[in-house]
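Worksheet: one structure, shown below.
The values are calculated or read from the model by the stated rules, or taken from the named source; none is laboratory data. Remember, it's a predicted structure, so these values are computed and weren't measured experimentally. Here the Cβ is made from the backbone with ideal geometry for all residues, glycine too, and neighbour counts use every protein chain on show. To get the accessible areas, we keep the full protein, side chains included, count just its heavy atoms, and leave off ligands, DNA and RNA. Shrake-Rupley method; radii C 1.70, N 1.55, O 1.52, S 1.80 Å.
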Amino acid sequence: MTRPPSTVPAMGETRTFAGHPVGLTIVTVAEALQAAGVYGVQALLILYMANFLFTPDQLASVGGFDAWRGLLESLFGPMSLQALATQTMGLYLGLFFLTPLLGGWLGDRLWGPRLTCILGAVLATTGMVMVVIPATFLPGLLVCAFGAGALRCNLNAQTGHLYARDDARRDAAFSILAAGLNTGAFLGPLLIGALGERVNWQWGFAAASGCMALAAITLLVGNGLMPADTPPETRRSARLQPGDGKTIAALIGVMLLTSLFWLAQSQVWNVYSLWGRDHLDRMVLGFDVPVTWLQAFDSLAPILAVPPALALWRWQAARGKEPKELGKIGIGMALMGSAFVWLAAGSGAEKTPILWVVAFHLVLNVGWLYLVPTVNALFSRAAPMAITGVMLGAVQFAVFLGSTISGWLGRFYETMDISAFWLLHAAFPLTGAAIMWAVRGRLGRVLKL
């Protein structure tokens, strides 16, 4: 994508907050609000379907359920109601992470990231309102996924446009944006999840839609503080350059490998909640921890893991031993696989102690820290300028692949030994780590690492 002559808006140069353009505050607040809504819905969704909506007493209220069940069973074979819930969850997660490809294209070539963000937030709010009503539940998931996809990748693009390419504040800005994401992803399951699980399902979804509506309002109010979008004719005239094909192919290879990481991670958003409902000892000092809080643990863990991880990387860098980007991605997949081996080992008991899953989330999310920010940085730096937004969306395509497959694998939760079920999921990222170790040299040469 061809950028405007100055990637720092005139207003951003004179209005700063804590040393950054004030527009960074707008995108960070919007990111936190949308994350609270999205992750609040994510924490509730599988429990809502398995425990309430996809049950014999409620099926008649779900608009289009018979057609939906017929479609899924024509593709995947006969399924129990719980298997239908896990497959629906997997497809929702997959679509949620596929739509940033379209959102990136709309931002790159048609509307620009600023307008695409606002439209995406409005569409996601509409979808969440539809999810509250059983008759519009299934189409509401579709609308929500498309809106959130348009919003998420273009928030990243807008953040990048606040700074010149060589601005030393860029890395810190994306770290601040990630802090907003993790804050919302922690508070959403903690508050919205508990509201829906313990008080009323619809109230939980309504609160999530309120958070997304506030994200849309934040972007509208702060619109004048954001850099102007590149003119449409400039966006549409951008072209790939000689040699970009090899770079794109190498990045697609990285994306496909990371889908093995996301296959395991996506099950944490899906069947893992059912496992927590069935097999986890959730009593802590006489308090029954809500199942949805497991998702809050998963968002809190990277916040806790950031300081020691950064300290380790600084220590390694000072000695010339910090892993390169592809090495970090491989380490992230290996840690993810190890976390699932740990979870499998703790699933043999009738009830797994809650401290066991705290350790699981810590290891899991150290792996997340090694992989996810590294992949985002790699794609934002190496992707051809003409398709920056699309390639950032392609990062999410790996999550689409992993989530879709994990939804299909969810059916085996009812038939497999639970330890074997988690070991199966450990095998995918561990295989990805081994492949990355074998091909990292060739990929690194193409990507000039």
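Values computed for the structure shown
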read-out	value
Residues of segment 235-279 classified as among the aromatic types (Phe, Trp, Tyr), under 21 Å from residue 84 (Cβ atoms) and modelled with pLDDT of 90 or more, total	2
Top-ranked residue of segment 191-205 - restricted to ones that are open to solvent by 50 Å² or more (accessible area, probe 1.4 Å) and in contact (Cβ under 8 Å) with a residue 24 or more places away in the chain, ranked as nearest to residue 32 (Cα to Cα)	191
Candidate set from segment 309-352 (those that are among the basic types (Lys, Arg) and open to solvent by 50 Å² or more (accessible area, probe 1.4 Å)); member that is nearest to residue 447 (Cα to Cα)	324
Subset of segment 248-279 (residues that are surrounded by 24 or more Cβ atoms within 10 Å (Cβ to Cβ) and of a type in the set (Ser, Thr, Tyr))	258, 266, 272, 273
Candidate set from segment 39-72 (those that are out of contact with any Gly (no Cβ under 8 Å at 6 or more places or on another chain) and among the small types (Gly, Ala, Ser)); member that is surrounded by the most Cβ atoms within 10 Å (Cβ to Cβ)	50
Tally of residues being without any contact (Cβ under 8 Å) to a residue 60 or more places away in the chain and open to solvent by 40 Å² or more (accessible area, probe 1.4 Å) across segment 134-161	2
Condition check for residue 75: open to solvent by 10 Å² or more (accessible area, probe 1.4 Å) and under 12 Å from residue 149 (Cα atoms)	no
Tally of residues being within 16 Å of residue 407 (Cβ to Cβ) and part of a helix (DSSP H, G or I) across segment 49-63	2
So residue 367, is it farther than 15 Å from residue 250 by Cα, assigned to a helix (DSSP H, G or I) and in contact with a Ser or Thr (Cβ under 6 Å, 6 or more places away or on another chain)	no
Leading residue by the ranking (modelled with the highest pLDDT) among those in segment 280-308 that are surrounded by fewer than 17 Cβ atoms within 10 Å (Cβ to Cβ) and assigned to a helix (DSSP H, G or I)	308
Tally, over segment 411-443, of residues that are among the polar types (S, T, N, Q) and either at pLDDT 95 or above or touching a helix residue (DSSP H, G or I) at 6+ places or on another chain (Cβ under 8 Å) (or both)	2
